[in-house]
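Structure record follows, encoded as structure tokens.
The values are calculated or read from the model by the stated rules, or taken from the named source; none is laboratory data. On a predicted model such as this, the values are computed, not experimentally measured, just so you know. All Cβ positions, glycine included, derive from the backbone under ideal geometry; neighbour counts span all protein chains shown.
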Amino acid sequence: MRIPEILRIIRIHIVAGGALAFSLGALLAIAGGGSFDLARVVLGYTVVLLGDISSHYSNDYFDVEVDKHIEQKKFFSGSTLLVSNPNLRSLSRYISISLMASSNLLAVALVLFLGVPIEFFVVILGASLVGWFYSAPPLRLTSRGFGEVAVACVTGFAIPGLGYLAVRGQFDPLFVYLAVPFVMYGLILSLSLEAPDVDVDRKGGKRNLAVRKGEPSVFFLILALAVSATLTFYVYNWFITSAAVDLGAVFLFSIMPLIAGLAGFVGIFKKRAVNRFSALNVASLFVFNTLMIAYLLVIILAA
């Protein structure tokens, strides 16, 4: 009885986003000259998956008081399962800690037995701590104005970085360059997930950017980040001539989040539904990652 219920906390769309980000990092490393090792990639993603799902359970556990203010469930909100089933709270906390420990122990095993670099463990350990303290006291990053940066660093750097390290074994200039706009997209993701829940977060005492600055400011920042990311790819295309990928193609892919950001900025000032434009931003990031993965596969298969 409890197993089907507790599984409802897992947000499949968040898991899918993590899978895309890890795959993007791994394929980028292969295109850049890395050697593919199935065991390292599969087990490397398992590390990410365990850590990702752990954060779902910890966030729902620590956000129970906030989630009590949710009157209408939105697609990107928490499950609210623990609000209606407080008897499952301790189980949720136990699952989160177990998954986080398993993720880090598996990372250690990969370092010791499969030749994965120590940086892999350092990155997953940092991401695990960020995922836990995103909602957990005493840090509770989401209530101190650091939640957006935390999500941006994990989704834009850590997850694709783990995929890159699993294949390449080290960070090189190609990944460092691309991590800059990737983190911008991670910040867009975080802001887009926050925007529909401003009223709930305000009642729950969160002090994230959407609560402090309001929805128009959030969508202006999203547009600014989308423009900055596109301009970054454009500049890279002109000045980085030795990259293993065509940065002009990546620039074209970046038009999707830019269009979504512009539509959201215009729509919010026309008093349109915030949830619609937040979903559009998230969908555009999925499209960008999917296009990148398809392009990298073409490069790899053609080599």
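Give the residue that is farthest from L110 (Cα to Cα), with candidates limited to residues of the range 7-31 that are surrounded by fewer than 19 Cβ atoms within 10 Å (Cβ to Cβ) and modelled with pLDDT under 95. Looking at residues that are surrounded by fewer than 19 Cβ atoms within 10 Å (Cβ to Cβ) and modelled with pLDDT under 95, I get R8.
Tell me yes or no: at least one residue of the range 209-221 is buried (at least 19 other Cβ atoms within 10 Å of the Cβ), in contact (Cβ under 8 Å) with a residue 24 or more places away in the chain and closer than 21 Å to Y134 by Cα. Yes, the range 209-221 has at least one match. Filter the range 185-237 down to residues that are touching a Pro at 6+ places or on another chain (Cβ under 7 Å) and of a type in the set (S, T, Y) and give me whichever is farthest from L285 (Cα to Cα). Going through the qualifying residues, I end up with T232. For the range 233-278, the candidate set comprises residues that are part of a helix (DSSP H, G or I), in contact (Cβ under 8 Å) with a residue 12 or more places away in the chain and among the β-branched types (V, I, T); within that set, the residue that is nearest to L297 (Cα to Cα) is V250. Cβ separations smaller than 6 Å between residues 6+ apart or across chains give the following pairs from the range 115-132 residues that are without any contact (Cβ under 8 Å) to a residue 60 or more places away in the chain and closer than 18 Å to F146 by Cα to residues that are crowded, with 24+ Cβ neighbours inside 10 Å and of a type outside the set (D, E): V130/V154. Among the residues of the range 154-173, the one identified as part of a helix (DSSP H, G or I) and surrounded by fewer than 21 Cβ atoms within 10 Å (Cβ to Cβ) is P173.
Going through (1) among the small types (G, A, S); (2) in contact with a Phe, Trp or Tyr (Cβ under 9 Å, 6 or more places away or on another chain); (3) assigned to a helix (DSSP H, G or I) one by one, A136 falls short only on (3).
Quick check on V41: is it among the aliphatic types (A, V, I, L, M), at pLDDT below 95 and more than 18 Å from the chain's Cα centre (by Cα)? The answer is no for V41. Of the residues in the range 190-208, how many are out of contact with any Gly (no Cβ under 6 Å at 6 or more places or on another chain) and not in a helix (DSSP H, G or I)? Number of matching residues: 3.
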